[in-house]
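Asker: Got a structure here, written out as structure tokens. Questions coming.
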Amino acid sequence: MRSTRIFVTGANGQLGRELRALAVDFSAYEFFFFDRATLPIEDPDASHAFLAREKPQWLINCAAFTAVDKAESEKETAFLINGDAPGYLAKACRDHNTYLIHISTDYVFDGSSSTPLKETDPTSPINTYGASKLDGERQALQKYPDGTLIIRTSWVYSEFGNNFVRTMIRLMKERPAINVVNDQIGAPTYAADLAAAIMRIISNHTHNSPKASSTTSAPAFTPGIFHYSNEGRISWYEFALAIRDAIGSACVVNPISTAQYPTPAKRPHYSLLDKTHIRETYNLPIPEWHPSLLTCLRKLGIPSR
């Protein structure tokens, strides 16, 4: 019997690389990792032909145009990769009975809330990146409502690639003082925790788990939109302080306002996500942000204090 095949796009991004690292713990599955050169998700014919030939049971779409500021000047590309491509993938997945897990963002909200954001709250992105990701959500759900699971996440970091944690570590080594925004509120997401959550969803799915049986009480696949980040509530400034203290840096971290740090793309002031829906639907344990930060630092070879 052919084993469950899991295809991952965006293989060189933070989540893609964390899924690759995690794959060794899931030997019952066949993993295949793709970048845009090996699977051009913006080409609907190529995506359809590829899935028709390979027939995976799951496709995890981690691919995205994530350069938030650059998206303001490259809107067409942002909407192609973040908007149209998820729709193409969803249609191909629908036609070939493949479940689609698509990664989205807290940036679909405008940041005006003062309470944790639910999946049913109104969306109103304030930058091109958020608008393009919202377009991708809508296209994917429209094309494949019964087989698409969208996970919105926030403030993603990992031991791989460019992210806030790695940038802070570098700057704290190079400079005696840095300024960090203190009026944007949310929760970090350690990409390794998100990867583990995705694999828990897949492996617990009764009809696809290699360990499933008639007595299994694992949750069935539930499509729709879900929120996931680590637990907690902090600002970027507080996150930077935690990094500084953990690595034992003497760098001075100064709090500043968003207005003091202008960027081409606006950022939402409030991005805290309510995780109740994904926790209850898929029986997911969600780690607190601080222990996950320390785990990431250890993987980076930095002993935390």
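The numbers here are math on the coordinates, done by the rules we state, and not lab data. Model, not experiment: these values are computed from the prediction. Here Cβ is always computed from backbone atoms with ideal geometry, including for glycine, and neighbour counts include all displayed protein chains.
Asker: Any idea what angle helix 128-143 forms with the longest principal axis of the chain, computed on alpha-carbon atoms, 0 to 90 degrees, nearest 10?
Answerer: In the chain, helix 128-143 runs at an angle near 20 degrees to the longest axis.
Asker: Could I ask something else about it? Angle between the Cα long axis of helix 191-204 and the longest principal axis of the chain, 0 to 90 degrees, nearest 10?
Answerer: Rounded to the nearest ten degrees, it is 20.
Asker: For the pair Glu231/Gln260, report the inter-label distance in nm, with labels modelled 7 Å from Cα in the Cβ direction.
Answerer: 3.3 nm
Asker: Report Rg (one decimal) and Dmax (nearest whole number) for the stretch 124-193, counting Cα atoms only, units Å.
Answerer: Here Rg and the maximum Cα pair distance are 16.5, 53 Å.
Asker: Something else about it: Write down the percent of antiparallel bridges among all DSSP beta bridges whose residues are both part of the chain, to the nearest 5.
Answerer: On the way: 2 of 36 bridges.
Within the chain, antiparallel bridges account for around 5 percent of the total.
Asker: Excluding Tyr88 itself, what net charge comes from residues whose Cβ is under 10 Å from its Cβ, given Lys and Arg +1 and Asp and Glu -1?
Answerer: On the way: positive: Lys91, Lys143; negative: Glu42, Asp43, Asp45, Asp84.
In short, -2.
Asker: Once you list every other residue whose beta carbon is under 12 Å from the beta carbon of Lys173, what net charge do they have if Lys and Arg are +1 and Asp and Glu are -1? Write down the numbers at each step before the final one.
Answerer: Working: positive: Arg166, Arg170, Arg175, Arg244; negative: Glu174.
That works out to +3.
Asker: Which angle from 0 to 90°, rounded to the nearest 10, does the C-alpha axis of helix 289-299 make with the longest principal axis of the chain?
Answerer: 80 degrees
Asker: Calculate I(q)/I(0) for the chain by the Debye formula, one identical point scatterer on each C-alpha and no solvent, and give its log10 at q = 0.13 Å⁻¹ to two decimals.
Answerer: So the normalised log intensities work out to -0.93.
Asker: Apply the Debye scattering formula to the stretch 101-161, with a single equal point scatterer on each alpha-carbon and no solvent, then give log10 I(q)/I(0) at q = 0.15, 0.16, 0.21 Å⁻¹.
Answerer: -0.49, -0.55, -0.89
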